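Let me begin by presenting the structure, written as structure tokens, before commenting on it.
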Amino acid sequence: MANVITITSGKGGVGKTTATANLGTALAQRGCKVAVVDADIGLRNLDVVMGLENRIVYDLVDVVEGQCRLRQALIKDKRLPELYLLPAAQTRDKNAVDPKDMIKLCDQLREDFDFVLIDSPAGIEQGYKNAVAPADQVIVITTPEVSAVRDADRIIGLLESAEKRSPRLVINRLKPSMVKRGDMMDTADVLEILAIELLGIVPEDDSIVASTNRGEPVALNGKTRAGMAFQNIARRLLGDEVPFPEFNNASGLLGRLWGFVRSRPIDFKARN
Amino acid sequence: MPNTSVVIKGTKDGLSIALDPAVPLGDAANELTGRLTEALSFFQGARVVLDVGPRAMSESDWQRLQGVLSRSQIVLHSVVAEDEASRQAARAAGLHAAPPPARARPAQSRGAHAEVHTEGILIRRTLRSGAAERHTGHVVVLGDLNPGAEVVAGGDVVVWGSLRGVVHAGCMGDQEAVVCALYLAPTQLRLAGLVARPPDRGEGRPLGPEMARIRDGAIVVEAWDRAKR
């Protein structure tokens with residue numbers, strides 16, 4: 001019986017689609033049968049990142065509307081035989097499906113797959129609600145930036161009030177050198193605010209851009225740092241205990257700034 | 001405590017606005033306008049009862065007060081008046097009027113902080129970005145209050161965790177309201193009508209629990225062990 005995992009973030013551009021493609025790839029490499037679903041209707045990307053754009057005939061909305069069978073819309077990956085993509089429609093919008101449709105669709109997918117990974121659109125509106133409705137587990141992605149962490153916090157709050165199982169966190173695009181200089185939030189700073197279980201840390205890696213443009217998920221090549229990080233996350237999803245690498249231990253931006261000032265001024269600046 | 005002719009209280013049924021019968025209606029109406037603008041967000045969606053005490057009110061007096069309230073988008077749930085003729089005038093103005101509750105009305109406890117707020121709520125979770133809690137009495141959060149979350153309370157606010165969001169205590173004008181947190185690093189802090197923010201630069205990290213309150217017309221933050229009550 002499949003595990004349905006939604007990957008979401010609130011903020012755009014933090015790496016939801018990249019993570020979905022890479023986790024799907026890493027899980028399929030480990031012998032799992034995986035379907036990746038692009039829930040970003042109207043702004044589809046997952047097909048491009050996986051290099052499968054030119055094979056799309058039917059899409060998610062066609063399945064929901066009964067224009068085709070699920071099997072016809074699923075695209076088999078060109079490298080891994082156990083990996084399938086259900087692409088989003090590009091000419092429609094988020095209102096073309098509702099949460100009930102997504103639950104029904106994922107129940108169908110559960111029968112044939114070990115993992116169903118849903119790539120959520122950014123935001124907290126209809127598209128997000130569609131993506132999260134069928135999820136057994138949610139992975140929240142953030143980058144070590146104050147704005148991304150703020151949006152992740154909002155998403156976690158929404159998931160808690162929807163009584164979903166507590167989401168797990170992936171911190172993406174961490175730059176160890178910047179953290180060391182005290183110019184970037186470190187893992188501890190992020191976790192202090194979000195206070196949820198950490199599932200993975202993905203370092204900033206130029207090979208992501210190159211591989212995304214080529215349509216080959218970086219996880220295919222386990223030698224890159226980001227590829228290795230995604231492999232580690234996949235192993236944790238499968239229940240392995242994988243230690244976190246050491247690049248997250250330096251004291252972060254906030255700690256440093258505060259460290260300089262010993263005593264705390266008593267008066268707040270007050271204005272009437 | 002400013003001498004006030006308008007007392008706004010939280011009750012278990014909603015908000016009660018009481019006008020001092022000794023003050024001319026025009027002055028009371030002006031003060032009401034001011035107080036409403038101070039705490040506008042608080043009243044929105046609240047069930048509001050207006051209590052005029054023994055004051056004799058004509059239909060046009062009622063309409064005048066209704067006008068003040070409706071400019072702040074407040075719809076009265078009902079009014080309370082001791083005088084039967086005033087109640088009839090209120091009904092003529094389209095209001096639901098009632099005599100004061102049978103049990104003795106408590107003495108108008110102006111500024112008696114502990115008596116004004118007799119109720120509180122406990123929020124037993126972390127308030128994350130986007131969460132907003134409003135309560136007429138005291139609020140205790142057992143968890144963190146993250147940036148982007150806000151609590152607005154008529155009384156005190158206590159956060160048993162890290163306070164990084166926005167808190168407004170004493171939002172109905174209580175100058176004695178305080179805010180306490182194990183880790184007090186708010187985005188912004190409001191007490192009664194005062195707004196404060198932490199200094200932009202060189203802020204020290206709180207070393208322990210702290211309390212914010214109004215002293216000599218300004219918001220001050222003190223370590224908990226030094227904040228003698």
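Kindly provide the helix-only [θ] at 222 nm of chain A, computed as the sum of -39,500 (n - 2.57) over DSSP H runs of four or more divided by all residues, to the nearest 500 deg cm²/dmol?
-11000 deg cm²/dmol, from helical runs alone.
Compute the long axis of helix A:16-29 from its Cα atoms, compare it with the longest principal axis of the Cα atoms of chain A, and write down the angle in degrees, 0 to 90, nearest 10.
60
Pop a pseudo-label 7 angstrom from the Cα along the beta-carbon direction at both A:K223 and A:D136 and give the gap in nm to one decimal.
Between A:K223 and A:D136, the label points sit 3.6 nm apart.
Assuming R0 = 56 Å, what is the FRET efficiency of B:A22 and A:S166, from their Cβ-Cβ distance, to the nearest 0.05?
So, using R0 = 56 Å, E works out to roughly 0.45.
With the cut-off at 28 Å, tell me which of the pairs A:K33/A:K164; A:K100/A:K175; A:K76/A:K175 have Cα atoms farther apart than that. Walk me through the numbers on the way to the answer.
Values: A:K33/A:K164 24 Å; A:K100/A:K175 40 Å; A:K76/A:K175 34 Å.
Over 28 Å Cα-Cα: A:K100/A:K175; A:K76/A:K175.
Angle, helix A:99-110 long axis vs. longest principal axis of chain A, Cα atoms, 0 to 90°, nearest 10?
70
Need the full-extension length gain, B:L122 to B:D200, defined as separation in residues times 0.36 nm minus the C-alpha distance. One decimal, nm. Walk me through the numbers before you get to the answer.
Working: separation 78, 0.36 × 78 = 28.08 nm, distance 3.17 nm.
Here the answer is 24.9 nm.
With Kirkwood's inverse mean 1/r over C-alpha pairs for Rh, give me the Rg to Rh ratio of the protein assembly as shown, two decimals please.
Over the Cα atoms of the protein assembly as shown, Rg/Rh equals 1.10.
List the aspartates and glutamates whose alpha-carbon lies under 13 Å from that of A:K78, not counting same-chain residues fewer than 8 positions away?
Candidates past the 8-residue exclusion: A:D47, A:E53, A:E216.
Quick one: B:H135, B:H96, B:H168, B:H77, fewest Cβ neighbours within 10 Å first, how do they rank?
Placing the least packed residue first, the sequence is B:H96, B:H77, B:H135, B:H168.
Just rank A:V209, A:V170, fewest to most, by other beta-carbon atoms within 10 angstrom. Mind dumping the intermediate values first?
Values: A:V209 11, A:V170 26.
Lowest to highest Cβ neighbour count: A:V209, A:V170.
Counting DSSP beta bridges with both partners in the protein assembly as shown, what percentage is antiparallel, nearest 5?
Just about 30 percent of them are antiparallel.
Round to the nearest 0.05 the FRET efficiency obtained for A:A188 and B:A223 when R0 = 30 Å and r is the Cβ-Cβ distance.
Calculated transfer efficiency: 0.80.
What is the spin-label model distance, in nm, from A:K33 to A:Q67 if the labels are put 7 Å beyond Cα along the C-beta direction?
Reported label-point gap for A:K33 and A:Q67 is 2.7 nm.
Among residues other than A:M1 whose Cβ falls under 14 Å from its Cβ, what is the net charge (Lys/Arg +1, Asp/Glu -1)?
-3
When B:T187, A:T17 are ordered from fewest to most other Cβ atoms inside 10 Å of their Cβ, what list results? Kindly include the intermediate steps, with their values, before the conclusion.
Values: B:T187 17, A:T17 26.
Starting with the residue having the fewest Cβ neighbours, the order is B:T187, A:T17.
Could you tell me whether the stretch A:1-126 comes out rounded, prolate or oblate from its Cα gyration tensor? Rule is a ≥ b ≥ c as square roots of the eigenvalues, rounded for a/c under 1.5, then prolate if a/b exceeds b/c, otherwise oblate.
rounded
Could you go through the stretch B:122-128 in sequence order and give the Karplus-derived ³J(HN,Hα) for each residue, using 6.51 cos²θ - 1.76 cosθ + 1.60 with θ = phi - 60°, rounded to whole Hz, and x for Gly and Pro?
Each residue of the stretch B:122-128 in turn: 10, 10, 9, 6, 7, 8, 8 Hz.
Where a number appears in this text, it was derived from the coordinates with a stated rule and is not lab data. Quick caveat: nothing in here was measured; it's all calculated off a predicted structure. A quick note on method: Cβ atoms are made from the backbone with ideal geometry, for glycine too, and the neighbour counts reach across all protein chains shown.
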